[in-house]
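Coordinate-derived values only; no laboratory data. Bear in mind that the values here come from a model prediction, so they are computed numbers and not experimental data. No Cβ is skipped: glycine too gets one built from the backbone with ideal geometry, and neighbour counts run over all protein chains shown.
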Amino acid sequence: MKILICDDVKSERIKLSAMIRKVFESVSVSGTPSELPEISCFSSGSELLDHMRSTITDQSSEESILVFLDCLMPVMNGMETGRQLHDLFPWIPIIFVTGSRDFAVEAFEIRALGYIVKPYTLDQVRDALERYDTACLKPYITVHSNGTDLRLFCCNIRFIQSLRNKTEIGTDAGSLLVTMTLSEIEKLLPEGFALISRGFIVNLSFIDNINGNECCLKDGTVVLISRSRKQEIHALYNDWKYNH
């Protein structure tokens, strides 16, 4: 596995490289614990793109590659770099790294795999790498927002709820309003999601606990489970916990 880190700040490149190595030394991510990735660092978007153009031929001939890309860089920022990278190599996943969540929608438009906010922790880096591992096996869904098709990896979706005229999708990077109905989105989702009430779908991995008819999410939100679905949701959640 190859990991490419692009950040104009040298100390940030060193910090992220060290955290990635520490994760791979302690837990299996796309391989065995002893199989460390090949990490390359770049100080600008143009340097990263030049390297990729000269070393990557096509999807079939390459081993797995993951890019960590800083959003705020001089000359060519991370968003523009990400757009060009996606146009050239659409199969290579990108995880954006930034000090602000203001780029969340743009990141989804570029079809980023994930988004971590500085100052990040080792656990956040581990979660990002596990998200990559999961995304290699699980599908994404395509939703429509403001006239644009956005690809969302299912592992990034926390919940989906029906609003008056639109549907809100809560993700790791923030919320998106889409024009699709809840039932339309539900048909696209893989296992691991549950309709807990008439207008609310939750990712089972984002549930902290279930107490009676209260579903407590990891962000502190409490959602009431429909009486008719209470027994089914308890069974689904207990089965999910047992298998994960």
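The ranking of Trp91, Trp240 from fewest to most other beta carbons within 10 Å of each one's beta carbon is Trp91, Trp240.
Checking [x] 25, 21, 18; [y] 39, 21, 16; [z] 34, 20, 16 against the coordinates, the calculated semi-axes √(5λ) of the Cα gyration tensor in Å falls under label [z].
Compared with the dominant principal axis of the Cα atoms in the chain, helix 78-88 is inclined by about 90°. In the chain, the calculated helix contribution to ellipticity at 222 nm averages -9500 deg cm²/dmol per residue, counting -39,500 (n - 2.57) for every DSSP H run with n ≥ 4. Please compute, over every Cα-Cα pair in the range 163-204, the percentage with a separation greater than 17 angstrom. It works out to 27 percent of all Cα pairs.
Comparing Glu191, Glu130, Glu12 in a Gaussian network model of the chain where C-alpha atoms under 10 Å apart are linked, the largest mean-square fluctuation is found at Glu191. For the range 183-244, the spherically averaged projection of the C-alpha convex hull amounts to 4.1 nm². According to the Cα gyration tensor, what semi-axes, each the square root of 5 times an eigenvalue, does the equivalent ellipsoid of the range 141-229 have, listed from largest to smallest in whole Å? One finds semi-axes of 22, 14, 11 Å for the range 141-229. For the residue pairs Lys118/Lys241; Lys166/Lys187; Lys22/Lys118; Lys166/Lys230, the alpha carbons lie more than 20 Å apart in Lys118/Lys241; Lys166/Lys230. Under the criterion of Cα pairs below 8 Å and six or more residues apart, the relative contact order for the chain equals 12 percent.
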